[in-house]
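Contents: one structure, followed by commentary.
The values are calculated or read from the model by the stated rules, or taken from the named source; none is laboratory data. Given the structure is predicted, the values throughout are model-derived calculations rather than measurements. Glycine gets a Cβ as well: all are built from the backbone with ideal geometry, and neighbour counts include every protein chain shown. SASA here: full protein model, heavy atoms, side chains in, ligands and nucleic acids out. Shrake-Rupley method; radii C 1.70, N 1.55, O 1.52, S 1.80 Å.
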Amino acid sequence: MAGKKNTGKARGAKNQKNAAPKNDMATENTILNSEAASYVADTGKTTKKSVKASIDKKELPVVEKNPGDLPAVENKAEELPSENMAQDLPAADTNPGDLPAADQEIKASPAKAETKTADSTDKKPVLAEKAADKKAACTQILPVGKISPRMPEGIEKRPVFSGNPYLPKMARVIEVIQETHNIKTLRLTLEEEEMENFVFEPGQVGQLSVFGVGEATFVINSPPSQKSWLQFSIMRAGELTESLHKVDAGDKIGLRAPLGNFFPYHEWKGKNVFFIGGGIGMAPIRTIMLHLLENKQDYGKISLLYGARSPKEMAYSYELDAWRNNPDLDCTLCIDNPYENWEHKVGLIPTVLEELHPAPENSVAVICGPPIMIKFTLQSLQKLGFEPQNIVTTLEKRMKCGIGICGRCNIGDRYVCVDGPVFTLAELDCLPPDL
């Protein structure tokens, strides 16, 4: 019964509140907010009742119209800083010795700060001029639009397969050579008439395909003078290369070739050429090196530095003695770490290169290998004084279509499969830093 009476009183009180005139509601708001402010001042807490009351009323509390009713902390807005801001700041802010050196200089000498700003402004036109000069130079190095394979006057344009460029030709495997534990060389031949008419330049590539698995790009590493077969060396690294490692003599695979540009060997005539190959990077070096040796009368000194982690990981081991004994080739072999009965250089390729110290005058350096090896060898070549236009390398950026359509191998507006894979360092310097 007591509970019912209390409920009735509460209900009656509520009805009285609802019936109260607006001026009474304003008075009640003032009281509620004053109580809430006192509670906040005493306890630092906000009551649920005071918050709920403010929300339920859906009106701005009258107290906000009367600053005198605000908590003491709100009235501190009247205590504004004086007109002399420096006197009101903490002592540390007015003492330049407590500020960082750069701020001290600006605070102590506004004129010097203005000079710095003027200097920065003066540099902008200089930087813009340098950027414009580089763009103009790069336009000459890499003309706008697709770069056709290097076809200087006197070199016959090489034909490509007619018909559907995506349709591979049937190639028959005639020999498989186990180079290392993870590198195999395939020698392929085409139909008799196609083989007779097949021509390419050193450095050009082909797409090898295993039907039902896929295709990938590999350099043709036999010299153009070899008319009986085409040679490709494949390092096992994935599903497609695993399938290529399983083919045997007599099997047929697909071939789309030749693709891409080639080494600008016609520009090297009369110059010394220093080849640097690392691991599987010896494959593209092999084709251009053998081509130059066949035409030695057109070139100066021809040198080779070939390195791998160990002798067991050197491809073309059956040719190394012939290369070392060739009077037209200065051949140096190296491995990363000491190995039993190894009689040649020991050390990383960049280190051995700097020991050999090839002269950059009237010389071209050609480098192919793993990306990390190329990175540090390029630094060594520049340290030795080789100019970017006299350093040539190849890119292994993944190619798919091989004809510059799919965009899988693009770097900016360039396509490795069409504009490369052979580039000079000067050309690479003009490409976006996506490598």
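Structure notes:
- The range 380-411, residues that are open to solvent by less than 40 Å² (accessible area, probe 1.4 Å) and in a loop (DSSP other than H, G, I, E, B): GLY385, PHE386, LEU395, MET399, CYS401, GLY402, GLY404, GLY407, CYS409
- Matching residues, the range 412-430, being assigned to a loop (DSSP other than H, G, I, E, B) and either open to solvent by less than 20 Å² (accessible area, probe 1.4 Å) or within 14 Å of PHE262 (Cα to Cα) (or both): GLY420, PRO421
- Residue list for the range 174-196, filter: modelled with pLDDT of 95 or more and open to solvent by 100 Å² or more (accessible area, probe 1.4 Å): GLN178, HIS181
- For the range 325-344, filtering for residues that are of a type in the set (D, E, K, R), part of a loop (DSSP other than H, G, I, E, B) and surrounded by 14 or more Cβ atoms within 10 Å (Cβ to Cβ) leaves 1.
- From ALA308, ALA315, ALA322, residue being within 15 Å of LEU333 (Cβ to Cβ) and open to solvent by 20 Å² or more (accessible area, probe 1.4 Å): ALA322
- The combined condition, being of a type in the set (Gly, Ala, Ser) and part of a strand (DSSP E or B), is not fulfilled by SER228.
- ALA171 fulfils the conditions (1) open to solvent by less than 30 Å² (accessible area, probe 1.4 Å); (2) at pLDDT 75 or above; (3) within 34 Å of the chain's Cα centre (by Cα); (4) within 29 Å of PRO264 (Cβ to Cβ) except for a single criterion, (3).
- Within the range 246-280, tally of residues that are more than 29 Å from SER303 (Cα to Cα) and out of contact with any strand residue (DSSP E or B) (no Cβ under 7 Å at 6 or more places or on another chain): 1
- Within the range 345-379, being open to solvent by 10 Å² or more (accessible area, probe 1.4 Å), touching a Pro at 6+ places or on another chain (Cβ under 6 Å) and part of a strand (DSSP E or B) holds for one residue alone: VAL346.
Yes/no matrix, rows are residues, columns are (1) touching a Gly at 6+ places or on another chain (Cβ under 8 Å); (2) buried (at least 23 other Cβ atoms within 10 Å of the Cβ):
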residue: GLU239; (1), (2): yes, no
residue: ASP251; (1), (2): no, no
residue: GLY254; (1), (2): no, no
residue: GLY260; (1), (2): yes, yes
residue: LYS269; (1), (2): no, no
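- When VAL199 is tested against (1) part of a strand (DSSP E or B); (2) aliphatic (A, V, I, L, M); (3) surrounded by fewer than 22 Cβ atoms within 10 Å (Cβ to Cβ), just one condition goes unmet, and that condition is (1).
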